[in-house]
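The values are calculated or read from the model by the stated rules, or taken from the named source; none is laboratory data. Note that the coordinates shown come from a computational prediction; the quantities given were computed from them, not determined experimentally. Every residue, glycine as well, gets a Cβ built from its backbone with ideal geometry; the counts of neighbours run over all protein chains shown. Side chains included, ligands, DNA and RNA excluded: accessible areas come from the protein's heavy atoms. Shrake-Rupley method; radii C 1.70, N 1.55, O 1.52, S 1.80 Å.
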Amino acid sequence: MREKDFVHLELRKILERIKTYFNSKATERFLENLRPITDPSILRQEIHLVEDLFAVEENLTIYPFDDVEVQIKKSALQDAVLSLEEILSIYKVIKLIREARKTLGSHVPVRKSLSNILKTLHQFPQIESLIESSIDQRGFVKDSASEELSKIRSKIREVEREITKRLENILNRPDAERLFSDRIITIRNNRYVLPVKTTEINKIVGIVHGTSSSGYTTYLEPYSVIELNNRLVVLKEEEEEHVKKVLRRITSYIGEFSSKLLEAFNTLLKLDYLKALASFNREIKGRFPRISEDRIILKNVKHPILTLTREDVIPIDIRIEGKRGLILSGPNTGGKTVALKTLGLCCLMFQLAIPIPIEDGELPVFEGIFTDIGDEQSIEQNLSTFSAHISNLVEFLPLVNEKTLVLLDELGAGTDPIEGSALSIGVLEYLKRKSAFVFATTHHTPVKLYAMDSDYYTPASVSFDRETLKPTYTILYDSVGSSMAFEIARKLGMPEEILEFASQKMPAEFEKFSKAKESLEELIRDYQEKLKELERSSFELEKIKAEYMTVLSEADRIKEEAYKEGMSQALDYLKQIEREAEEILKTARDRQKIRQFLREKNQEITQKLERERIRVGDWVEFMGSRGRVLEVKEDKLHVSFGGVKAWVDLQKVKKTDAPEQQKEEHRLELKKALPTEINLTSLSTEEALYRLEIFLKEAVAMGVKSVKVIHGTGTVKRVVQEFLKHYESVVFYREGYPREGGSGVSIVFLRL
């Protein structure tokens, strides 16, 4: 693909936006090497990887890191020595690679495509261990890094202690206040010195190493420490040599793994890019279209750049199906060029495995995307001449085949309209013979009429409000658009006498044609609106149907499991009774004993059944007090007794009716008008259950099929949904869609 086509479609602006989320300058190099994927199987794999990474990227932490490619390559050179800072940069990258691998590895069983990343995300525990044992957390080489270094540093500390001792003795002289500007030991030219008042410098024998900026203080190395300072300098040089040996050893070890380390580093760059891509996608709310063979469908697509910069972007539908070409006409400022660029940029992004802002769609995988865009009206001005257009066409037309997309803006512009139209039709015929996908815009009537009679091109127009003379940014398919030159000129203040004279020069048949075309466009507009409404309704119906079937399937499964479990328990219990009955019959001497046994077992069964029927929302009696069940956990109940809540044993309670006061309040509530929703968010769990039960009884009594329950996302939600699971009048319920309130809302379907 040509670089100039990327420029025409402004791909660079998308990549620059993604770049703002990078954690390393090195990732920019990775971005520069990205090229559209032209193999469908490879693109499909890359899309799966992007989608899997998006699903787990919030768990993946990538902090800022340095570009260490040069340092890794340097480590492979003979006798190379990396600096301490360079080694620490590599250590940070290795540590980051290890953490990323650990995070992604836990998701591989579910996200299979991540295994491809792990193959090249190598670990380097040996390098990590060597660096950690040689360099401390402050970034200094440890004494223990080598035996020689440890000995030398021990000697350095010994000499420094002796120097400090001698200098402190001098500072503690009786006349110290008069001699020294400050009673401290300092360093000048890597030698220990004392700050002596310049006026008293002759009172102490030693070597001067400079003065302060004010001249008040002179830094003096007393004679008594000169030999020690000399020895210290030699020891420091030896220390530096041994530190260099340690760094050389670490560098050599890194060099042994340089090829794998480079591979892992490049994989880390890809991860940084994919994480940035996820952040970018949160801005445009994009998704991937499906890969198709012979059609282009972009439903409710937005121009990606406009989506980043504006909130009021109107989505459009772009369709090239059945035929392989689209000729779009209509007035200037109607959105033709934006539509054309939208398709081109979305195709490029798709083949770079970057999501695009669509609701749904299908796109082929193109080997080439060629553009001839003479008016960069939405972004920047392009002053191309007719000759430049022709030169551009001549350059790419020989490269066109059935796997290319050709985008032609203002086809035939820049020259005589008659000749331009003829030349345009010739180009379109050539592209037809090459079986290319084509999206062209035009103002020329002969080209519009050619599209209407073509079996390869679909005519389409951009919709325009004739009253306001503003575009509606809707594409009307199987229609041709007027340039509306007269209407726009009148709107902009062109003198009426000029417009009248001009209209007289228009052919009489043209006016009839225009009116017929306007009538047809109106019919097409109405048809497309009704079709969209039908599609939306069909989509919603399919979603509800799918949810209903899921609920039915789940209900059948639960019912079957409950039945099997209940039967198993019943059979076990009957066998137990049978065994006990046999024991009694062996020793029973009268019928009274058998009757007593049966009465006891009957009572046990009744109590078991009563306990099993207790659900959230039921009223129970415990030690003479009535309360309402808020939660059921195995053999425990969480019950609200007025304002007091407590956990009680299931076996120690029995079901009971609601208090008379509650029933009376319910009868009063029934007299009120029935709402379609109830808000429980500000209530306690007990009050929420009470009001919900009244509300549902009202709804069932008045024949309402479904209601909305607003419960928020906290404890009330959990209690309410537990209640709904077992409430006899509830067929099923689901969480609300985003437009209905999301997870803070339940939509409840009732049995009438």
Taking a ≥ b ≥ c as the square roots of the eigenvalues of the Cα gyration tensor of the stretch 690-730, is the shape rounded (a/c under 1.5), prolate (a/b larger than b/c) or oblate? prolate
For the stretch 1-143, accessible area per residue (1.4 Å probe, heavy atoms of protein chains only), Å²: 53
Using a ≥ b ≥ c from the Cα gyration tensor of the stretch 1-103 (square roots of the eigenvalues), is it rounded, prolate or oblate, where a/c under 1.5 gives rounded and otherwise the larger of a/b and b/c decides, a/b for prolate? prolate
Using a 1.4 angstrom probe on heavy atoms only, work out the carbon and sulfur share of the accessible area of the stretch 260-319 in %. 44
Using the beta-carbon distance between residue 683 and residue 112 and R0 = 41 Å, what value does 1/(1 + (r/R0)^6) give for FRET efficiency, to the nearest 0.05? 0.35
Rounded, prolate or oblate (a/c below 1.5 giving rounded, otherwise prolate when a/b exceeds b/c) for the stretch 232-283 by Cα gyration tensor: oblate
Hey, can you rank 415-424, 90-99, 344-353 by average C-beta count inside 10 Å, highest first? 344-353, 90-99, 415-424
If you place +1 on the Cβ of every Lys and Arg, -1 on the Cβ of every Asp and Glu, and leave all else neutral, what size is the dipole of the stretch 203-275 about its Cα centre, to the nearest 20 Debye? 260
Set 95/142; 543/708; 403/543; 285/341; 4/25; 25/74 screened for pairs whose C-alpha atoms are more than 27 Å apart: 403/543
Roughly to the nearest percent, how much of the accessible area of the stretch 1-78 is carbon and sulfur, given a 1.4 Å probe? 50
With a sphere of radius 10 Å drawn around the Cβ of residue 741, what net charge do the other residues whose Cβ falls strictly inside it have (Lys, Arg +1; Asp, Glu -1)? -1
With a 1.4 Å probe and all protein chains left in place, how much accessible area per residue does the stretch 694-752 have, in Å²? 47
Anything over 27 Å Cα to Cα? Flag those among 654/725; 636/717; 655/725; 151/244; 270/323, in the order listed. 270/323
Between 213, 225, 247, whose Cα lies farthest towards the positive end of the dipole of the stretch 164-250 when Lys and Arg beta carbons carry +1 and Asp and Glu beta carbons carry -1, centred on the Cα centre? 247
Quote the charge dipole size of the stretch 41-100 about the Cα centre in Debye, to the nearest 20; the model charges only the Cβ of Lys and Arg (+1) and of Asp and Glu (-1). 220
Nearest-10 value in Å² for the accessible area of residue 496, using the 1.4 Å probe: 90
If packing is taken as the mean number of other Cβ atoms within 10 Å per residue, what is the order of 318-328, 202-212, highest first? 318-328, 202-212
Provide the packing ranking of 163-176, 738-751, i.e. peptides ordered by the mean count of other C-beta atoms within 10 Å per residue, highest first. 738-751, 163-176
Carbon and sulfur together cover what percent of the accessible area of the stretch 109-219 at a 1.4 Å probe radius? 48
